[in-house]
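Below is one structure; the comments refer to it alone.
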């Protein structure tokens with residue numbers, strides 16, 4: 001692979017584990033999920049990319065409040081319901097100003113909280129992978145061809161309310177098939193955020209391990225997982241990213 | 001840096017000073033936090049209580065109470081915030097003790 005620096009093109013080696021994790025994600029994306037079909041999942045990924053150039057999203061981002069700006073998103077003609085497209089675009093471009101009122105307004109019998117969590121897993125994954133490509137001046141990976149099949153639409157058991165908008169699995173009450181999600185009975189809130197859709201949680205863990213550090217090393221602040229920058233620098237970069245995104249968590 | 005036009009210069013600076021592997025790893029961290037920020041904000045998650053206590057006061061110092069997403073987490077009582085500030089020198093040790101093995 002090569003990257004363009006200030007005035008020249010420089011060859012750069014991207015870690016194999018990072019490339020493999022990203023390729024693994026696109027494979028995961030192409031298949032039927034738990035609540036969305038492969039076609040719908042790839043369409044949500046496409047909307048995530050379109051959101052960056054969507055005129056409505058740009059106007060909302062610039063506005064004092066995004067909720068006073070009406071209009072239609074520049075969608076990809078995917079056939080996704082308007083509320084689904086709106087969710088994908090808002091999460092991609094202005095997640096820091098989402099509200100419980102907005103969340104309640106888009107959730108209904110067809111776009112359930114579980115559909116929302118799977119969509120969130122897709123949007124956040126695509127944003128995450130594409131950001132790395134943009135930083136390294138690499139072309140974006142092409143979206144995969146959808147794999148046919150029906151999603152099982154199955155809710156896990158052992159759900160609890162931790163004060164957010166969606167229920168999450170209580171690690172101490174997880175069923176045998178979901179015991180692998182958490183190594184212990186305690187887990188941070190953000191690490192449980194996708195657990196309503198266990199397959200999205202597993203996918204998140206696989207990619208995060210390659211992008212950041214192995215999950216089990218996170219609490220050990222002296223560990224950098226063998227990366228080329230110190231853990232302190234990694235946390236500084238992460239904190240700066242969060243500040244730009246105005247993420248309080 | 002939020003201006004894409006500054007990206008080539010910033011990229012070159014990291015490569016020149018820290019090397020290509022550092023650029024890849026820094027990009028990985030940014031990508032990871034792009035994801036985790038969205039997971040927290042798009043589900044209205046409150047900050048975990050042990051972490052909130054250990055970092056009490058930092059939010060004021062950093063000025064992040066003005067973030068829209070701060071409203072997802074209840075502000076701790078004054079006494080608890082003071083206690084958290086007193087415990088801060090031991091923060092990294094307490095993080096290791098309190099945090100679960102698979103935490104993110």
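The values are calculated or read from the model by the stated rules, or taken from the named source; none is laboratory data. Predicted model only: the values in this text are computed from it and were never measured. Every residue, glycine among them, receives a Cβ derived from its backbone with ideal geometry; neighbour counts consider all protein chains shown.
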Residue B:92 being modelled with pLDDT under 80 and under 30 Å from residue A:204 (Cβ atoms): yes
Any chance residue A:171 is farther than 26 Å from residue B:29 by Cα and more than 10 Å from chain B (Cβ to nearest Cβ): no
Residue within the stretch B:59-75 that is free of Cβ contacts under 8 Å to residues at least 40 places away in the same chain, farther than 19 Å from residue A:96 by Cβ, in a loop (DSSP other than H, G, I, E, B) and more than 10 Å from chain A (Cβ to nearest Cβ) present: no
Test: residue in the stretch A:179-186 that is closer than 26 Å to residue B:91 by Cβ, in contact with a helix residue (DSSP H, G or I) (Cβ under 8 Å, 6 or more places away or on another chain), within 10 Å of another protein chain (Cβ to nearest Cβ) and crowded, with 16+ Cβ neighbours inside 10 Å: yes
Residue satisfying all of: in the stretch A:217-236; surrounded by fewer than 17 Cβ atoms within 10 Å (Cβ to Cβ) and assigned to a helix (DSSP H, G or I); nearest to the chain's Cα centre (by Cα) among these: A:235
Contacts under 6 angstrom Cβ, first residue in the stretch B:3-32 being in contact (Cβ under 8 Å) with a residue 12 or more places away in the chain and more than 7 Å from chain A (Cβ to nearest Cβ), partner buried (at least 23 other Cβ atoms within 10 Å of the Cβ) and part of a helix (DSSP H, G or I), 6 or more apart: B:14/B:23
Tally, over the stretch B:24-56, of residues that are assigned to a loop (DSSP other than H, G, I, E, B) and modelled with pLDDT of 95 or more: 3
Scan of the stretch A:197-212 for residues that are surrounded by 20 or more Cβ atoms within 10 Å (Cβ to Cβ) and either facing chain B (nearest Cβ under 9 Å) or more than 30 Å from residue A:156 (Cβ to Cβ) (or both), ordered by number: A:204, A:207, A:208, A:210, A:211, A:212
Residue B:17, sole failed condition from (1) at pLDDT 95 or above; (2) surrounded by 16 or more Cβ atoms within 10 Å (Cβ to Cβ): (2)
Hits in the stretch A:1-38 (condition: crowded, with 18+ Cβ neighbours inside 10 Å, within 16 Å of residue A:212 (Cα to Cα) and modelled with pLDDT of 95 or more): A:18, A:21, A:22, A:25
Subset of the stretch A:136-162 (residues that are over 19 Å from the mean Cα position of the chain (by Cα), without any contact (Cβ under 8 Å) to a residue 12 or more places away in the chain and within 30 Å of residue B:7 (Cβ to Cβ)): A:139
Test for residue A:187: is it without any contact (Cβ under 8 Å) to a residue 40 or more places away in the chain and not in a helix (DSSP H, G or I): yes
Among the residues listed as B:53, B:80, the single one being touching a helix residue (DSSP H, G or I) at 6+ places or on another chain (Cβ under 9 Å), more than 10 Å from chain A (Cβ to nearest Cβ) and under 19 Å from residue A:218 (Cβ atoms): B:53
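Looking at the stretch A:150-168 only, could you name the residues that are assigned to a loop (DSSP other than H, G, I, E, B) and within 13 Å of chain B (Cβ to nearest Cβ)?
A:161, A:162, A:163, A:164, A:165, A:166, A:167
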Enumeration of residues in the stretch A:216-249 that are farther than 15 Å from residue B:40 by Cα, free of Cβ contacts under 8 Å to residues at least 12 places away in the same chain and facing chain B (nearest Cβ under 7 Å): A:218, A:219, A:220, A:228, A:229, A:237
Some residue of the stretch A:113-136 being part of a loop (DSSP other than H, G, I, E, B) and surrounded by fewer than 18 Cβ atoms within 10 Å (Cβ to Cβ): no
